[in-house]
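Engineer: Okay, handing you the structure first.
The values are calculated or read from the model by the stated rules, or taken from the named source; none is laboratory data. Quick caveat, the model's predicted, so the values are computed rather than measured. When we count neighbours, we look across all protein chains shown, and the Cβ atoms used for this are built from the backbone with ideal geometry, even at glycine.
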Amino acid sequence: MADESYDVKQPESVAAVLKVFALLQALAENNEIGISELSVRLAMPKATVYRFLQTMMTLGYVRQEQESERYGLGMRMFELGAKALQYPNLVELAKNHMQMIADITGETVHLGTLIDSEIIYIHKVDSRHTLAMSSRVGRRAPLHCTAIGKVLMAWEDPERRDRVLKGADFKRYREKTIVDTSAFLTELEQVKAQGYGEDSEEFDDHIHCLGVPIFDRLNRPIAGLSISFPIFRFDENKVVENVAMLQTASREISTQLGCTKFPLDK
């Protein structure tokens, strides 16, 4: 009898799970969103949306802003996502280095890793300036026109890199975006030769990024560290100095991850 009861209820249970994840996805795509908008967007009754949100709030996976009464993801979701990282201590190892670089440069510093054929930002230290790169932890970005994407691919094993790039969409985001695979591979050769990657208004307007890879115990690139400058604050004369800071941070983080022969050392 118990088995028959489970079979009858299973479709309803599956539907409930699908609704929960649809809500979480919608919350992930919007910083704050209200019940009415969620109801329309997901074609779900307001009462159902409210019931699920209240339950997820109780568990700590959803938060509600008191003034606007709009909803967003809670810190428990961040904690859960962090555990999904292949290297769960990576953010902890990188955060002090990132804060120091942000303090010295005054600019936004990102830590990103590979997900499918894109990068995802897993930690960020904001610029102290009002005008800075607009981004958030959890945001995805393309491989072919970001400094982090370029360094991850430049030091990647050629066979794996080719597999990853097959799934990449070489979409044009800006006038300077590289949209040709062969041109991108040539760019990667330059990146590896100089020891860092650059993105000059290839993904975001008026933003210039410098990035370096971070390596694991097998000396493989597993993340990237970058500084994002608004074009009007980017100083070509300080590239060597800024890259040296990034490389020093990467060397120390990589060593703590077990890297024994730091690939950026000439």
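Engineer: Scan segment 193-216 and give yes if some residue there is more than 30 Å from Arg128 (Cα to Cα) and of a type in the set (D, E, K, R), otherwise no.
Structural biologist: Within segment 193-216, one or more residues are more than 30 Å from Arg128 (Cα to Cα) and of a type in the set (D, E, K, R).
Engineer: Applying the selection to segment 228-247, what residues are among the polar types (S, T, N, Q) and either outside any helix (DSSP H, G or I) or touching a helix residue (DSSP H, G or I) at 6+ places or on another chain (Cβ under 8 Å) (or both)?
Structural biologist: Those that are among the polar types (S, T, N, Q) and either outside any helix (DSSP H, G or I) or touching a helix residue (DSSP H, G or I) at 6+ places or on another chain (Cβ under 8 Å) (or both): Ser228, Asn242.
Engineer: Given the criteria within 28 Å of the chain's Cα centre (by Cα), surrounded by 15 or more Cβ atoms within 10 Å (Cβ to Cβ), under 21 Å from Arg136 (Cβ atoms) and in contact (Cβ under 8 Å) with a residue 40 or more places away in the chain, does Leu27 qualify?
Structural biologist: yes
Engineer: Under 7 Å between Cβ atoms, which residue pairs at least 6 apart in sequence (or on different chains) link something in segment 245-266 that is among the charged types (D, E, K, R) with a partner that is outside any helix (DSSP H, G or I) and surrounded by fewer than 18 Cβ atoms within 10 Å (Cβ to Cβ)?
Structural biologist: Every condition considered, the pairs that remain are Arg251/Phe262; Lys261/Asn219.
Engineer: Scan segment 75-83 and tell me whether some residue there is under 22 Å from Pro142 (Cβ atoms), surrounded by 12 or more Cβ atoms within 10 Å (Cβ to Cβ) and either at pLDDT below 95 or of a type in the set (A, V, I, L, M) (or both).
Structural biologist: Yes, because at least one residue in segment 75-83 is under 22 Å from Pro142 (Cβ atoms), surrounded by 12 or more Cβ atoms within 10 Å (Cβ to Cβ) and either at pLDDT below 95 or of a type in the set (A, V, I, L, M) (or both).
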